[in-house]
1. Ala125 label point, 7 Å along Cα→Cβ, cut-off 17 Å on backbone N: hits in segment 1-43?
2. Which FRET efficiency, nearest 0.05, do Arg223 and Ala157 yield, Cβ-Cβ r, R0 30 Å?
3. Give me the distance in nm between label points sitting 7 Å out from Cα along the Cα-to-Cβ direction at Glu92 and Ala61, one decimal.
4. Quote the accessible area belonging to Asp141 in square angstrom, nearest 10, computed with a 1.4 Å probe and with ligands, DNA and RNA left uncounted.
5. Got a number for carbon plus sulfur as a percent of segment 1-79's accessible area, 1.4 Å probe?
6. Quantify, in whole percent, the carbon and sulfur part of the accessible surface of segment 87-159 (1.4 Å probe; protein heavy atoms only).
7. If the chain between Ala194 and Gln50 were fully stretched, how many nm would it gain, using 0.36 nm times the residue separation less the Cα-Cα distance?
8. Name the GluC sites (Glu not before Pro) in segment 1-110 that are in a loop by DSSP and that have at most 10 other C-beta atoms within 10 Å, would you?
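The values are calculated or read from the model by the stated rules, or taken from the named source; none is laboratory data. Just so you know, these numbers come straight off a predicted model, no measurement behind them. Using ideal geometry, Cβ is built from the backbone for each residue, glycine included, and neighbour counts are taken over all protein chains shown. All accessible areas refer to the heavy atoms of the entire protein, side chains included, with ligands and DNA or RNA removed. Shrake-Rupley method; radii C 1.70, N 1.55, O 1.52, S 1.80 Å.
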Amino acid sequence: MTEKLVIAIDGPSGSGKSSVSKAVARHYGLDYLDTGAMYRALTWYCLDQQVDTSDADALVAAARAFPYLQGTSPDQEVIQVAGIDIRDAIREPRISEAVSAVASNRDVRQILIDLQRSFIAQAPAGMVAEGRDITTVVAPDAHARILLTASEEVRLARRGLQLGGTQNKEQLAAQVSARDAKDAQVTSFTQAAAGVTLVDSSELNFEETVAAVISAVDQQLGR
């Protein structure tokens, strides 16, 4: 039996890591995990349960009780909390504005990191996991580790497209720049750690970015 393949991809908001990671998962025939969606879903749950997001202990209690279901197919997104489909709801401005308070709580992060590791361990053939601390914290022993980045201008434009025009220019700027700054206090995703390959997609289109990441992965795998 061959060893399961684990590919870790990190990057700041709007770097294109979700769509690129799905394409990479399809290429290698792997499952896919969007860890950012996990933090957004927990934020939705906290707001739905009227949890005070400034209360650290209340956030931890919510994370422990989190009735979460997430699919791992790169072709079909499944994100549910207590049986409710929240795929669209987690992209709303109110979630974008509140998610940093949840994601920057170190105890909450540890609970979700443990959950993410269980997803990776259960993937039959392996997984492409993407987020902000996959290469350094969640799966530092992944077979291939990539940091995908782009200029702030490019990232703002991409984030706007990803959120389907639900947020104006000011909201996007606040979300991308401010969230990156706040999250950088608890995890490092702006500079490639030792053994992590940096891929800058500022001047690349989607297909070129996917090809660059696959090339970097193959190189790390010794192919």
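1. Hits in segment 1-43 for Ala125 at 17 Å: 1-8, 21-33.
2. So, using R0 = 30 Å, E works out to roughly 0.35.
3. Spacing of the two 7 Å Cα→Cβ label points: 2.4 nm.
4. Probe radius 1.4 Å; accessible area of Asp141 about 130 Å².
5. C and S fraction of accessible area: 45 percent.
6. Heavy-atom surface of segment 87-159 belonging to carbon and sulfur, 1.4 Å probe: 49 percent.
7. Details: separation 144, 0.36 × 144 = 51.84 nm, distance 4.12 nm.
My answer for the length gained is 47.7 nm.
8. Those satisfying the criteria are Glu3.
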